[in-house]
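Asks: So that we are looking at the same thing, I have put the structure below in structure tokens.
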Amino acid sequence: MTLQEALFNYLLRLGDNALIQGHRLSEWCSKAPVLEEDLALTNMALDQIGAAQAFLKYAGAIENKGRSEDDLAYKRAERQFFNNLMTELPIGDFSFTIAKQLLLSSFEFFLFRGLSQSKDQTIANIAAKTLKEVHYHLAHSRDWCFRLGKGTEVSHEKLQNSVNALWMYTDELFEMGEADEVLMEAGIVFSLKEIKPKWLELVSGILDDANIALPNVDYMQTGSRKGIHTEHLGHLLSEMQFLQRAYPDASW
Amino acid sequence: MANDTQLALWEVFIQSKSGGHHVHAGSVHASDYKMALQNARDVYTRRNEGSSIWVAPSSCFSASGPEEAEMFFDPAEDKLYRHPTFYTMPEGAKQI
Amino acid sequence: MDATAVQAVFQDKIEQDLKIEPKDPMPDRYRAHLIRQISQHAHSEVIGMQPEGNWITRAPSLRAKQILLAKIQDEGGHGLYLYSTAETLGISREEMIEQLQTGKAKYSNIFNYPALTWADIGAIGWLVDGAAIVNQVALQRTSYGPYARAMFRICKEESFHQRQGYEIMANMMKGTTEQREMAQDAMNRWWWPALMMFGPHDKDSAHSGDAFKWRIKRKTNDELRQKFIDKTVQQAEVIGLTIPDPDLKWNETKQGYDHGEINWEEFKRVINGNGPCNKQRMEHHIRYHEEGAWVREAAAAYHEKFPTD
């Protein structure tokens with residue numbers, strides 16, 4: 001794998017994570033428990049779509065085949081997406097989205113903090129900007145975990161079930177592939193293995209404070225590094241890409 | 001639905017630039033101060049309007065009403081000596 | 001203060017064109033009128049999130065998705081400002097939501113029409129928001145202070161809404177044959193409902209009398225509708241869209257367009273609950289309100305247990 005291929009692949013991963021996560025968050029629009037929360041979830045969706053735009057644009061530039069961020073978002077098929085499986089899971093109820101946001105934004109917090117020191121200046125810049133946004137997402141989901149975890153019996157049970165259901169997708173966040181090795185050598189990225197214990201400490205601390213038990217699972221899901229996804233991604237893409245696919249000659 | 005709660009009402013004050021006043025922007029609903037601050041941020045600073053936010057429960061506010069207006073404010077009307085323009089300065093005096 | 005004294009103080013302020021503030025004396029009917037109008041306005045913003053929300057997941061570019069999300073988010077924010085405004089008059093958000101869901105309070109008829117194609121997103125922004133802004137600009141001078149302030153903020157934020165819709169239509173009219181047909185089709189479906197947004201003709205308008213006397217309303221339905229038509233016809237011409245009204249023609253004497261008859265039967269039918277989406281909109285609102293109940297309860301319970309957190 002050349003450096004260029006590795007960088008392209010890694011940028012797709014970053015871009016796809018943001019794109020799919022933003023897409024799922026945007027599905028909350030007009031469905032949140034209170035109007036204020038509707039605006040909050042939309043704000044987070046907008047942050048993610050903005051990050052997706054930046055990473056995919058840079059991916060297109062690195063690939064150097066004239067593909068724009070929109071070409072990459074709207075004209076790739078299921079097997080060419082590299083987002084972590086957790087991001088594509090359907091939004092579920094509010095506790096599921098909050099649990100997902102906690103697990104992902106705590107991961108992103110360490111990821112972008114690390115990437116903001118990248119030797120690749122473009123990545124470092126996008127990461128630094130994204131880090132501020134992620135910081136807010138983390139505070140938001142953490143505070144909601146406390147409210148749900150310690151609010152009522154019903155909310156506690158729902159949050160615990162959501163964390164349990166999501167836990168098997170957490171290992172994949174830290175999975176490293178050939179692209180990571182190549183880029184690490186060039187000083188562009190760092191080892192995700194380094195941040196795993198820090199992530200676990202942060203997340204288990206928050207969950208503990210929220211009276212939520214750390215789940216025990218026998219098996220961790222994997223696949224997205226090779227473009228192998230859950231069945232949910234195909235449906236998400238067929239909806240997201242509908243206009244671009246139905247009217248290939250049109251520009252909007 | 002009779003027992004529905006939309007959470008408590010909070011008043012929001014936004015300072016747009018550091019050094020300026022916090023100005024009343026509106027209100028939000030929230031169950032606690034952290035949520036009130038975050039909601040105020042998401043509702044009232046989407047266009048870069050903020051550098052600092054204050055929130056307080058609406059129930060903590062007392063407001064004067066029209067019935068107090070006369071006794072509160074009219075007595076200040078004739079105290080012109082509180083304003084610099086009240087005073088006659090000798091011609092030719094500078095920087096005063 | 002007895003009712004006669006209240007009336008006198010209030011009318012005096014109105015005639016001096018002073019704003020009425022929450023603690024000022026006001027006749028009960030003024031308060032009731034405002035609550036009805038402002039809550040209806042708030043509900044319209046909130047229900048209005050649904051037809052456009054129908055296209056968020058299918059927006060055709062990242063830019064389009066961001067714009068649409070930001071716009072719908074604004075609608076939610078504006079609903080929120082308006083609920084807060086009504087709350088200054090002594091009604092709670094809980095009560096207003098209950099009135100909406102039991103059918104006691106109305107919302108704008110326009111949102112009972114479906115957003116079928118992407119061009120509808122253009123038409124909604126350009127025509128529906130375009131009509132709404134004409135109305136809202138006039139309301140910035142309304143007599144109730146908190147309402148006027150909310151309208152001022154809303155008008156400032158909404159200034160991009162109409163432009164984004166018009167941009168979508170303009171781009172589609174420069175595109176493929178299919179896109180042009182889609183744009184014209186959306187124009188055909190949204191034009192008349194947009195004209196109905198201004199309400200019945202002045203001669204048939206039930207609430208107008210009081211609203212003018214109290215300076216809540218300062219321009220008539222027909223005046224505002226005329227204003228909207230006159231500016232929109234030119235915008236349609238620029239991008240090559242046809243206004244679906246064979247009777248539309250320039251009237252030199254009044255320096256404005258004459259338009260064909262509005263289908264008031266349809267207007268009444270939709271208001272009375274038989275528009276294409278009335279049931280769907282209300283079911284959506286009730287469903288997500290109910291699904292969120294346990295979250296609101298949890299937040300309130302958490303605060304009870306940990307009041308200083």
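The values are calculated or read from the model by the stated rules, or taken from the named source; none is laboratory data. Treat the numbers as computed from the prediction; the structure is a model and nothing was measured. Cβ coordinates were reconstructed from backbone atoms using ideal geometry, including for glycine residues, and neighbour counts include every protein chain displayed. Each accessible area value is taken on the protein alone, full model and side chains, heavy atoms only, with ligands, DNA and RNA left out. Shrake-Rupley method; radii C 1.70, N 1.55, O 1.52, S 1.80 Å.
Asks: Filter segment C:210-248 for residues that are among the charged types (D, E, K, R) and more than 20 Å from C:Glu261 (Cα to Cα) and give the result.
Replies: Across segment C:210-248, the qualifying residues are C:Asp210, C:Lys213, C:Arg215, C:Lys217, C:Arg218, C:Lys219, C:Glu237.
Asks: Consider only pairs whose beta carbons are under 8 Å apart and that are at least six residues apart or on different chains; among these, list those whose first residue lies in segment A:138-156 and is among the acidic types (Asp, Glu) and whose second residue is in a helix (DSSP H, G or I).
Replies: A:Asp143/B:Lys34; A:Asp143/B:Met35; A:Asp143/B:Gln38
Asks: If you don't mind, there's one more thing I want to ask. Please specify each residue of segment C:25-48 satisfying the condition of being without any contact (Cβ under 8 Å) to a residue 60 or more places away in the chain, within 13 Å of another protein chain (Cβ to nearest Cβ) and either open to solvent by 20 Å² or more (accessible area, probe 1.4 Å) or β-branched (Val, Ile, Thr) (or both).
Replies: Of everything in segment C:25-48, just one residue is without any contact (Cβ under 8 Å) to a residue 60 or more places away in the chain, within 13 Å of another protein chain (Cβ to nearest Cβ) and either open to solvent by 20 Å² or more (accessible area, probe 1.4 Å) or β-branched (Val, Ile, Thr) (or both), namely C:Pro25.
Asks: Quickly run through segment C:269-294 and pick out the residues that are at pLDDT 95 or above and under 18 Å from C:Phe198 (Cα atoms).
Replies: Once the filter is applied, which keeps residues that are at pLDDT 95 or above and under 18 Å from C:Phe198 (Cα atoms), segment C:269-294 yields C:Arg269, C:Val270, C:Gly275.
Asks: Which members of segment A:20-56 meet the condition of being more than 9 Å from chain C (Cβ to nearest Cβ) and outside any loop (DSSP other than H, G, I, E, B)? Steps first, please.
Replies: In the first step, residues of segment A:20-56 are kept if they are more than 9 Å from chain C (Cβ to nearest Cβ); the result is A:20-21, A:24-25, A:28, A:40-41, A:44, A:47-48, A:51, A:54-55.
Listed by number, the residues that qualify are A:Ile20, A:Gln21, A:Arg24, A:Leu25, A:Ala40, A:Leu41, A:Met44, A:Asp47, A:Gln48, A:Ala51, A:Ala54, A:Phe55.
Asks: Take the residues in segment B:41-72 that are charged (D, E, K, R) and exposed (fewer than 13 other Cβ atoms within 10 Å of the Cβ), then tell me which one is farthest from the other protein chains (Cβ to nearest Cβ).
Replies: Our first condition is that a residue be charged (D, E, K, R); within segment B:41-72, this holds for B:41-42, B:46-47, B:49, B:67-68, B:70.
Checking the rest, the ones that are also exposed (fewer than 13 other Cβ atoms within 10 Å of the Cβ) come to B:47, B:67-68, B:70.
Details: B:Arg47: 7, B:Glu67: 8, B:Glu68: 10, B:Glu70: 12 Å.
It comes out as B:Glu70.
Asks: Sticking with this structure for a sec: Being surrounded by 18 or more Cβ atoms within 10 Å (Cβ to Cβ) and among the basic types (Lys, Arg) is the filter here; which residues of segment C:90-108 pass it?
Replies: Once the filter is applied, which keeps residues that are surrounded by 18 or more Cβ atoms within 10 Å (Cβ to Cβ) and among the basic types (Lys, Arg), segment C:90-108 yields only C:Arg93.
Asks: Something else about it: In the set C:Ile168, C:Ile154, which member is assigned to a helix (DSSP H, G or I) and either touching a strand residue (DSSP E or B) at 6+ places or on another chain (Cβ under 8 Å) or within 14 Å of chain A (Cβ to nearest Cβ) (or both)? Walk me through how you get there before you give the answer.
Replies: On the way: C:Ile154 fails: either touching a strand residue (DSSP E or B) at 6+ places or on another chain (Cβ under 8 Å) or within 14 Å of chain A (Cβ to nearest Cβ) (or both).
Residue meeting the stated conditions: C:Ile168.
Asks: Tell me, which helices (runs of 4 or more DSSP H) lie completely within segment C:224-309 with 3 or more residues that are away from every other protein chain (no Cβ under 14 Å), surrounded by 12 or more Cβ atoms within 10 Å (Cβ to Cβ) and out of contact with any His (no Cβ under 7 Å at 6 or more places or on another chain)?
Replies: On the way: elements: C:264-269, C:278-291, C:293-305.
Qualifying helices (runs of 4 or more DSSP H): C:264-269.
Asks: Could you say whether any residue in segment C:52-64 is of a type in the set (S, T, N, Q) and over 28 Å from A:Pro33 (Cβ atoms)?
Replies: Taking segment C:52-64 first, the residues of a type in the set (S, T, N, Q) are C:54, C:57, C:61.
Now drop any that are not over 28 Å from A:Pro33 (Cβ atoms), which leaves C:61.
Checking segment C:52-64: at least one residue is of a type in the set (S, T, N, Q) and over 28 Å from A:Pro33 (Cβ atoms).
Asks: Also: What number of residues within segment A:79-114 satisfy the criterion of being open to solvent by 40 Å² or more (accessible area, probe 1.4 Å) and either farther than 15 Å from A:Asn9 by Cα or in contact with a strand residue (DSSP E or B) (Cβ under 7 Å, 6 or more places away or on another chain) (or both)? Show your work before the answer.
Replies: So in segment A:79-114, the residues open to solvent by 40 Å² or more (accessible area, probe 1.4 Å) come out as A:79-80, A:90, A:92-93, A:113.
Keeping just the survivors that are either farther than 15 Å from A:Asn9 by Cα or in contact with a strand residue (DSSP E or B) (Cβ under 7 Å, 6 or more places away or on another chain) (or both) gives A:90, A:92-93, A:113.
Looking only at that region, the number is 4.
Asks: Hey, among C:Ala86, C:Ala8, which residue is under 30 Å from B:Ala69 (Cβ atoms), in a helix (DSSP H, G or I) and open to solvent by 30 Å² or more (accessible area, probe 1.4 Å)? Write out each step before concluding.
Replies: Values: C:Ala86 fails: open to solvent by 30 Å² or more (accessible area, probe 1.4 Å).
The conditions single out C:Ala8.
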